[in-house]
Amino acid sequence: MDVAYGVESRKQAIRILDNQKLTLITQYDELTQDATEHRLVLDAINQLPKDRRCFRVVGGVAIETTVDNVKPQLEMEAGKIKDLQKVVEKQLETINQQLLKVKGEEIPKN
């Protein structure tokens, strides 16, 4: 009976880790999409004069500003997104190692 309990708890741990992994992959994909959008906008506004008027959506409201004002904010946000991607990558790596450990497989060494 102990063996059956061990197998069930192991299966449950694998399910939980798989769900966490799926959540992290989804977050990473969203961050990648956000990073791509920020890069596209930055590429577009780099070609514009600094005093050119533009609109930035903040909290669902379009705010009129200039390219010179919005560019540093976009660059800062793009940097934060990259930092978050690194955090999620590390979390994914940890989850993958835990999954290997629970499944009883050897953890590959880099």
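The values are calculated or read from the model by the stated rules, or taken from the named source; none is laboratory data. Quick caveat, the model's predicted, so the values are computed rather than measured. As a convention, Cβ positions derive from the backbone with ideal geometry for all residues, glycine included, and neighbour counts pool all protein chains shown.
Residues that are without any contact (Cβ under 8 Å) to a residue 40 or more places away in the chain, under 27 Å from residue 85 (Cα atoms), in contact with a strand residue (DSSP E or B) (Cβ under 9 Å, 6 or more places away or on another chain) and in a helix (DSSP H, G or I) do occur in the range 43-50, at least one of them. Just checking, does the range 86-101 include any residue being in contact with a Pro (Cβ under 9 Å, 6 or more places away or on another chain) and not in a strand (DSSP E or B)? Yes. Here's a check for you: in the range 70-94, which residue that is more than 30 Å from residue 51 (Cβ to Cβ) and hydrophobic (A, V, I, L, M, F, W, C) is surrounded by the fewest Cβ atoms within 10 Å (Cβ to Cβ)? Step by step, filter the range 70-94, then rank; the result is 87. Checked against (1) in a strand (DSSP E or B); (2) in contact with a Lys or Arg (Cβ under 9 Å, 6 or more places away or on another chain), residue 57 passes all but a single condition, namely (2).
The C-beta contact set for the range 1-21 (first residue closer than 13 Å to residue 96 by Cα and in a helix (DSSP H, G or I), second residue among the β-branched types (Val, Ile, Thr) and modelled with pLDDT of 90 or more, distance under 8 angstrom, 6+ apart or interchain) comprises 17/95; 20/95; 21/95.
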